[in-house]
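To start, the structure itself, in structure tokens.
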Amino acid sequence: MTMPETDALTDDAGADDAGARGRAHLPLERRIEAILMVADEPQGAVHLATALQAPVKAVKAAIEALRADYDGEPVGDRPAGPERGFELREVGGGWRIYVREAYDADAADFVLTQTPTRLSQAALETLAVIAYKQPITRGAVAAIRAVNVDSVVRTLLGRGLIREAFADSETGAIHYETSELLLSQLGLNSLDELPPISPLLPDGEEDVLA
């Protein structure tokens, strides 16, 4: 007999709850750290608390402990350690891991000197959307392409072809724009020299990137 849809959803939610409880023995700081390492957008304390099924107060304390740890400050009974090459920064009402400013040049040099490989079709399409609609959020790009673009955006950021323009003051969503590197790769002086997009699109799709 087929399980009713509502029952299936309840079972899925129960499985998620059980999974979260099964990981409750793991250090909260490390669980938050793992999420921040892969998150493309700043994460608020309430959002993290919901995802980890942990008290908001405990999550806020863990975030502060991580920030201090990365900055080389003592945390509770733990002595001060070395300052890390990355830091936990509050942006747009949430928290995100960034390269520490003192090491930005090293990170940029590393990215720019890597042997380039061809961009995938998905990356090229995502780059085109950002180029013509910038500044634009990752969610808006995903809505236009009708696919998840998280990994593609990370690739474009890593290549230095796009950059973070600003974070929305209300939602914390990051808006992306193309970089000077893309212009130089295309041999353009400015975005005004990008070709009109409408002639390149199938009929009926002109409004998508208008």
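The values are calculated or read from the model by the stated rules, or taken from the named source; none is laboratory data. Keep in mind it's a predicted model, so treat the numbers as computed, not measured. Note: accessible area is taken over every heavy atom of the protein model, side chains too, but ligands, DNA and RNA are not part of it. Shrake-Rupley method; radii C 1.70, N 1.55, O 1.52, S 1.80 Å.
Data for the structure
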{"quantity": "Residues of the range 68-172: accessible area per residue with a 1.4 Å probe, Å²", "calculated": "59"}
{"quantity": "Karplus-derived HN-Hα couplings along the range 44-51 (A = 6.51, B = -1.76, C = 1.60, θ = phi - 60°), whole Hz, x at Gly and Pro", "calculated": "x, 4, 5, 4, 5, 4, 5, 5"}
{"quantity": "For Phe166, distant residues with modelled amide H under 5 Å away", "calculated": "His175"}
{"quantity": "For the range 129-148 versus the range 160-177, the gap between their alpha-carbon centres in whole angstrom", "calculated": "12"}
{"quantity": "Rg/Rh ratio calculated on Cα atoms of the range 113-195 (Kirkwood radius)", "calculated": "0.96"}
